[in-house]
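> First, the structure itself, so that you have it in front of you.
What follows is calculated from the coordinates using simple rules that are stated; it is not laboratory data. Not measured: the values here are computed from a predicted model. Cβ coordinates were reconstructed from backbone atoms using ideal geometry, including for glycine residues, and neighbour counts include every protein chain displayed.
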Amino acid sequence: MTGFADAVARAAAAGRLVVQPRMGMASPLEMRAGLLAVRDADASTVGTLTVDSYTRVGDHRAALAALHDGARLNGYPIVSHHPETTQAVLDGLTGFPVQVRHGSADPRAIFGALAAAGLDATEGGPVSYCLPYSRKPLRDSVEHWSEACENFSGHLETFGGCMMGQLCPPSLLVALSVLEAVFFRFHGVESVSLSYAQQTNADQDAEAIRALRVLAGRFLSDVDWHVVVYAYMGVFPRTPAGARLLNDNAARLAVRAGAERLIVKTVAEAHRIPTVDENVAALESAAEAAAQAAPEESFVDTGVLAEATALVEAVLELPGDPGTALLAAFRRGLLDVPYCLHPDNAGHARSHIDDTGRLRWSSVGAMPIPRSSVDRSGPAPDSAGLLAALHRVAHLHDARTR
Amino acid sequence: MNNLVLLSGTASDSHTWNLVYLQLLLEEAGHRVINLGACVPPVLLADECEAEQPDLVVLSTVNGHGYQDGPRALAELRGRPGLAAVPVVIGGKLGTGGPEPAQADALRAAGFAEVFDDDTAIARFREFITAHALCRTAGTAS
Ligand code: B12
């Protein structure tokens, strides 16, 4: 087990949810101060080093220019900072695991830089860091991710449980999370985590996380794995109270469904990059909510597991290794992410939120999902309807706390 | 006139819900839209503009690098002989710390026809495209 996975396992054994921020700033001094504050927060924490957008798209020249001009970046440019600089950022933090979070369809330079800095935990995936993050062909991403995984010996989390941040029905999130983890394992990674992002309905989410655990048990029995929940990844409440409520509900969801780790969101989410203090407050608030929640044994089955199983099996039955199978699956539309503009996504699937607040399919394209799961009663897909769906969770939480 | 809008993300920005939404909004207002999607480098943007000759270019970015990526995109467009005059607007969450009026003014000074970076963005944009369409109609009629 890696230092990162080990810390998560120890907390889980003690019945504590590990909480983690999304945090990255360009300045090494600020980055270090942020990591220290997270370590010292009143919660079981692991640290995060979030990489900026220039580094994500491989434009290291623009990242260097920004550092040179003192322009603000939305993250830490780990490839552009000297390895010794990053080592100094981490100096004395031994025993405090730090994960590098990026969003890159070609992660090779980032994997190299984090290893050079002595780090061993990161995340992403050939699909989840291509379709929503890049205009690179999926084929290139699969190739780059294969190479990066072959040379990697740490802990790797799939971002497949987040696709587009919002409005992706749970079965597809669960399937992609499992499929990317299977891809990692095929390429020699022995410690993985599977992600699931909180969506629009807590019962549906709990059912999805249970489905994720069932499928991980079935397809990843020979590697070390745990489940990480992301606090809502779509449009966030604008009020501090609404944002806190949604973040706390994510912590309750994680505990209820037996996840080991949670990545939080702050009161600044809807507006701008959060400060260190806002991150610490979100971590402590989530830890408190988690401490008061309890795991649940049974969940209502509305078919998430059956749908996700059908998707995973359909892909793994395709010829070739998992990367080849994923490519073929997207080409044929067996996997099809709603509202994703990437040219390698079929783009026939659509989704909506029904009256009970659950995510439903409006159409499934060529995915092997039974027609009975399709609900055609959704609202008209005009700009107002789309904006209402995107803001539904935010509005509900802002209203509930007023 | 063909009422064509070229809609694009910026070089470092992968957000697309903004683009999906703006495409619908523009189409509902009667415009034809070419949506280039996310992570569009300046050269690709300029190539597409040369090929399509849009009446308006709309840049949308929310990742916080707008003050850097916006001017780079505009400079590439203005460097192409056929694109010296096409109006270009930009909007979204342009910096990392909320709206900054001084930076928005700098973008206008750099040559953006309008900057939409705060809570009034969509209301002002609707007015802008209505006025823009009227202008174009007047222009072709005379
Ligand atoms: C969903 C989301 C994602 C998804 C995006 C999936 C996808 N492909 O689209 C994922 C998870 C992949 C993602 C990734 C990242 N994200 Co993001 N994301 C969001 C989130 C939660 C919602 C955005 C959204 O869907 N909005 C719905 C659309 C319809 O609205 P909108 O984009 O806000 O646009 C509105 C206005 O801004 C305006 N507008 C936008 N453009 C234009 C243009 C014109 C001309 C006009 C008139 C108006 C206009 O009109 C729209 C409707 O009102 C926001 C925070 C939030 N709002 O709650 C963060 C946010 C935008 N993300 C942010 C960041 C930084 C990133 C990352 C860089 C990771 C990171 N460091 O945290 C990466 C992007 C990588 C890259 N290469 O750039 C920051 C930006 C910070 C800032 N600007 O200060 C935000 C604000 C979160 C935060 N507080 O840190 N993200």
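> Taking θ = phi - 60°, what integer Hz values does the Karplus form 6.51 cos²θ - 1.76 cosθ + 1.60 yield along region A:225-236, in sequence order, with x for Gly and Pro?
Those phi angles translate into 9, 9, 10, 10, 9, 9, 4, 2, 9, x, 3, 9 Hz.
> Neighbouring Cβ atoms within 10 Å as the yardstick, rank A:R256, A:R376 fewest first.
Numbers: A:R256 21, A:R376 10.
Fewest-to-most Cβ neighbours within 10 Å comes out as A:R376, A:R256.
> Here's something else I'd like to know. Tell me, what is the Rg over Rh of region A:1-41, with Rh the Kirkwood radius over Cα pairs?
Ratio of gyration radius to Kirkwood radius: 1.07.
> Residues with amide H under 5 Å of A:Q99's amide H, sequence separation 5 or more or different chain, H placed in the peptide plane at 1.01 Å from N; which?
A:G47, A:T48, A:L49
> Still on this model: Listing A:S363, B:S14 from the residue with the fewest other Cβ atoms within 10 Å to the one with the most, what is the order?
A:S363, B:S14
> Then there's this: Would you mind checking the tilt of helix B:66-78 against the longest principal axis of the Cα atoms of chain B, expressed as 0 to 90 degrees and rounded to 10?
40
> Which one, A:A270, A:S146, A:G70, is farthest towards the positive end of the dipole of region A:3-291 when Lys and Arg carry +1 and Asp and Glu -1 on their Cβ?
So the residue furthest toward the plus end is A:A270.
> Please work out the C-alpha center-to-center distance from region A:107-134 to region A:180-210 and express it in whole Å.
17
> By the scheme Lys and Arg +1, Asp and Glu -1, what is the net charge of all other residues having a beta-carbon under 13 Å from that of A:L90?
-1
> Same structure, new question: Dipole magnitude of the protein assembly as shown about its Cα centre, charges +1 at Lys/Arg Cβ and -1 at Asp/Glu Cβ only, in debye to the nearest 20?
So the magnitude is around 640 debye.
> Right, another one. Magnitude of the Cβ-charge dipole of chain B, K/R +1 and D/E -1, about the Cα centre, nearest 20 debye?
Magnitude of the dipole: close to 200 debye.
> Any idea how far the Cα center of region B:36-76 sits from the one of region A:248-265, in Å?
The two parts, judged by their Cα centres, are 39 Å apart.
> Here is a follow-up. Give me the inter-chain shielding for B:14-24: mean count of other chain Cβ atoms within 10 Å, whole number please. Walk me through the intermediate numbers first.
Numbers: counts 14, 5, 9, 12, 0, 1, 8, 5, 1, 3, 7.
Rounded to a whole number, the mean comes out at 6.
> Taking the highest mean first, how do the peptides A:6-12, B:29-35 order by number of other beta carbon atoms within 10 angstrom per residue?
Going by the mean number of other Cβ atoms within 10 Å, highest first, we get A:6-12, B:29-35.
> Related question: Taking only Cα atoms, what is the 0 to 90° angle, nearest 10, from helix B:17-28's long axis to the longest principal axis of chain B?
The two axes meet at around 20 degrees.
> Can you check what the net charge comes to around A:Y133, using other residues whose Cβ is under 14 Å from the Cβ of A:Y133 (Lys, Arg +1; Asp, Glu -1)?
Spelling it out: positives minus negatives among the neighbours equals -4.
> Between beta-carbons, use under 12 Å as the cut-off and find the net charge around A:M163, counting Lys and Arg +1, Asp and Glu -1.
-2
> Spelling out what I want: for every residue of region A:152-165, take phi, set θ = phi - 60°, compute 6.51 cos²θ - 1.76 cosθ + 1.60 (Karplus), and round to whole Hz; glycine and proline get x.
Karplus values, whole Hz, x for Gly and Pro: 10, 10, x, 9, 10, 9, 8, 9, x, x, 10, 2, 6, x.
> Contact order normalised by length for region A:58-149, with contacts defined as Cα pairs under 8 Å and 6 or more residues apart; what percent is it?
It comes to 27 percent, rounded to a whole number.
> Can you give me the distance in nm between label points at A:A9 and B:E50, each placed 7 Å from the Cα along the Cα-to-Cβ direction?
So the label points at A:A9 and B:E50 sit 5.8 nm apart.
> Given H placed 1.01 Å from N in the peptide plane, which residues other than close sequence neighbours of B:G98 have an amide H under 5 Å from its amide H?
Result for B:G98 returns A:I273.
> Mind sorting A:D301, A:D222, A:D203, A:D336 by how few other Cβ atoms lie within 10 Å of their own Cβ, fewest first?
Fewest to most other Cβ atoms nearby, the residues stand as A:D222, A:D301, A:D203, A:D336.
> Could you tell me the extents of region B:45-86's C-alpha atoms along the three principal axes, largest first, rounded to whole Å?
Result, largest extent first: 29, 16, 15 Å.
> Principal axes first, then extents: for the Cα atoms of region B:37-142, list largest minus smallest coordinate on each axis, whole Å, largest first.
44, 30, 25 Å, listed from the longest principal axis down.
> Read phi for every residue in region B:37-47 and hand back ³J(HN,Hα) as whole Hz from Karplus 6.51 cos²θ - 1.76 cosθ + 1.60, θ = phi - 60°, with x for Gly and Pro.
x, 8, 6, 9, x, x, 5, 5, 4, 5, 4
> When the Cα atoms of chain A are enclosed in a convex hull and the volume is divided per residue, what value in Å³ results?
Enclosed volume per residue, from the Cα hull, is 130 Å³.
> Report relative contact order for chain A in percent, whole number only (criteria: Cα-Cα under 8 Å, sequence separation at least 6).
Answer for chain A is 16 percent.
> Where nothing but the Cβ of Lys and Arg (+1) and of Asp and Glu (-1) is charged, how large is the charge dipole of region A:178-221 around its Cα centre, in debye to the nearest 20?
The dipole of region A:178-221 has a size of about 180 debye.
> Hey, got the average number of other protein chain Cβ atoms within 10 angstrom for residues in B:33-42?
Values: counts 0, 0, 1, 2, 5, 7, 9, 1, 3, 0.
What the average comes to for B:33-42 is 3.
> Let me ask another. So what does log10 I(q)/I(0) come out to for region B:1-40 at q = 0.17, 0.25, 0.32 Å⁻¹, using the Debye formula with one equal point on every Cα and no solvent?
-0.41, -0.76, -1.03
> Around A:I78, which amide H atoms from residues at least 5 apart in sequence, or from another chain, sit under 5 Å from its own amide H, with H modelled in the peptide plane?
Those lying under 5 Å, H to H, from A:I78 are A:D52.
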